[in-house]
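Each remark here refers to the structure printed beneath this line.
The values are calculated or read from the model by the stated rules, or taken from the named source; none is laboratory data. All of these numbers come straight from a predicted model, not from anything done at the bench. Backbone-built Cβ (ideal geometry, glycine too); neighbour counts: all protein chains shown.
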Amino acid sequence: MIGALLGLAIGAGVLLVILGMTTSPRVQEPGPSRLQRLIDRAGLDRVGPSGVIAACIGLALVTVLLTLAISGVVMVAALAGLVAAYLPISVLKRRARGRGRALRAAWPDAVDMLGSAVRAGMSLPEAVNDLGVRGPEALRPAFLTFGGDYRASGSFATSLDTLKDTVRDPVADRVIVALGIARDVGGSDLGRVLATLSDFLRQDARARGEIEARQSWTVNAARVAVAAPWITLLLLCTRPETVAAYSTMTGALILVGSALLSVVAYRVMTTIGRLPDDPRVLA
């Protein structure tokens with residue numbers, strides 16, 4: 001028995017060595033960076049990560065120089081520069097949230113129009129193409145792109161991939177998956193599938209909107225609580241005695257500690273008061 005187990009173990013080891021030498025390793029392509037995903041969610045086609053980084057650096061340098069000229073405290077100028085460097089990212093996040101809300105509100109109407117067109121006798125590609133003219137305003141450019149691609153290629157699946165890359169939205173991914181399945185299945189259930197999808201999207205948008213409205217006061221309170229002391233500090237830095245106090249090592253340490261506490265408190269409050277972003281299923 002021991003000899004059999006030993007022989008089995010040796011054979012398994014030899015097999016694993018052979019498989020390791022003959023099997024080529026899988027090379028996983030790197031996905032888009034976190035900054036690129038944020039830019040995609042904001043809907044900015046002509047802006048890349050390098051442009052955003054350049055804007056952050058340029059705004060930080062300008063803010064440092066202006067704050068240093070006003071206050072005369074190096075540490076205050078450095079902290080103001082760090083805050084200014086984050087402003088382009090904050091603008092992108094705000095734009096991404098606004099665009100997500102607009103698209104989330106537009107998709108149920110778009111799916112309702114698709115269902116009505118299919119019940120009226122139109123094919124699914126024709127119904128999707130028609131949204132470029134009669135669909136919601138927020139989605140018309142994307143469906144116009146879909147129509148042009150479908151007329152050029154004649155492939156519904158390929159055109160759906162183009163639509164996915166154009167909209168770049170989590171809700172759009174779910175709708176596109178449903179459209180692809182509906183196209184493959186077809187039959188009399190297509191209208192029912194679209195109606196169910198429309199109801200689901202409308203309920204999801206309504207629930208998410210109510211939660212965001214109720215929790216928005218937490219985010220606003222966090223912003224006011226963090227900004228007020230630093231605005232007061234900037235005003236106090238116009239006095240010579242304040243500049244002398246914060247120009248020392250002790251003053252610099254107080255500023256750094258206060259900044260760290262402000263960042264931690266702000267992140268905690270915004271994390272509590274903001275819903276997580278929906279992940280994309282076709283990214």
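Annotations
- Residue match in the stretch 56-64 (condition: farther than 30 Å from LEU234 by Cβ and either modelled with pLDDT of 75 or more or in a helix (DSSP H, G or I) (or both)): no
- Of all residues in the stretch 87-101, those satisfying the criterion of being crowded, with 17+ Cβ neighbours inside 10 Å and either without any contact (Cβ under 8 Å) to a residue 40 or more places away in the chain or in contact with an Asp or Glu (Cβ under 9 Å, 6 or more places away or on another chain) (or both) are PRO88, ALA96, ARG99, GLY100.
- Some residue of the stretch 185-194 being under 13 Å from VAL128 (Cβ atoms) and at pLDDT 80 or above: no
- Any hit, the stretch 102-115, residues being in contact with an Asp or Glu (Cβ under 8 Å, 6 or more places away or on another chain), part of a helix (DSSP H, G or I) and among the charged types (D, E, K, R): yes
- Selected residue (criterion: modelled with the highest pLDDT) from residues of the stretch 243-283 that are assigned to a loop (DSSP other than H, G, I, E, B) and surrounded by 14 or more Cβ atoms within 10 Å (Cβ to Cβ): SER247
- When ALA110, ALA117 are screened for being of a type in the set (Gly, Ala, Ser) and within 24 Å of the chain's Cα centre (by Cα), only ALA110 passes.
- Filtering the stretch 224-242 to residues that are assigned to a helix (DSSP H, G or I), surrounded by 13 or more Cβ atoms within 10 Å (Cβ to Cβ) and either of a type outside the set (Ser, Thr, Tyr) or at positive phi (or both) leaves ALA225, VAL226, ALA227, TRP230, LEU233, LEU234, LEU236.
- Test: residue in the stretch 77-86 that is touching a residue at least 12 places away in the same chain (Cβ under 8 Å), outside any helix (DSSP H, G or I) and in contact with a Cys (Cβ under 6 Å, 6 or more places away or on another chain): no
- Given (1) closer than 20 Å to SER116 by Cβ; (2) at pLDDT below 85, index of the condition ARG140 fails: (2)
- Close pairs from the stretch 211-239: first closer than 12 Å to VAL76 by Cα and free of Cβ contacts under 8 Å to residues at least 12 places away in the same chain, partner of a type outside the set (A, V, I, L, M, F, W, C) and assigned to a helix (DSSP H, G or I), Cβ under 6 Å, at least 6 apart: LEU236/THR242
- Number of the condition not met by VAL268 [criteria: (1) under 34 Å from the mean Cα position of the chain (by Cα); (2) closer than 29 Å to VAL73 by Cβ; (3) touching a residue at least 24 places away in the same chain (Cβ under 8 Å)]: (3)
- Of the helices (runs of 4 or more DSSP H) lying entirely inside the stretch 140-216, those containing at least 1 residues that are buried (at least 19 other Cβ atoms within 10 Å of the Cβ), small (Gly, Ala, Ser) and touching a Phe, Trp or Tyr at 6+ places or on another chain (Cβ under 6 Å) are 156-167.
- When SER153 is tested against the conditions (1) small (Gly, Ala, Ser); (2) out of contact with any Gly (no Cβ under 8 Å at 6 or more places or on another chain); (3) within 26 Å of ILE39 (Cβ to Cβ), the lone failure is (3).
- Residue in the stretch 131-144 that is in contact (Cβ under 8 Å) with a residue 40 or more places away in the chain and under 18 Å from PRO108 (Cβ atoms) present: no
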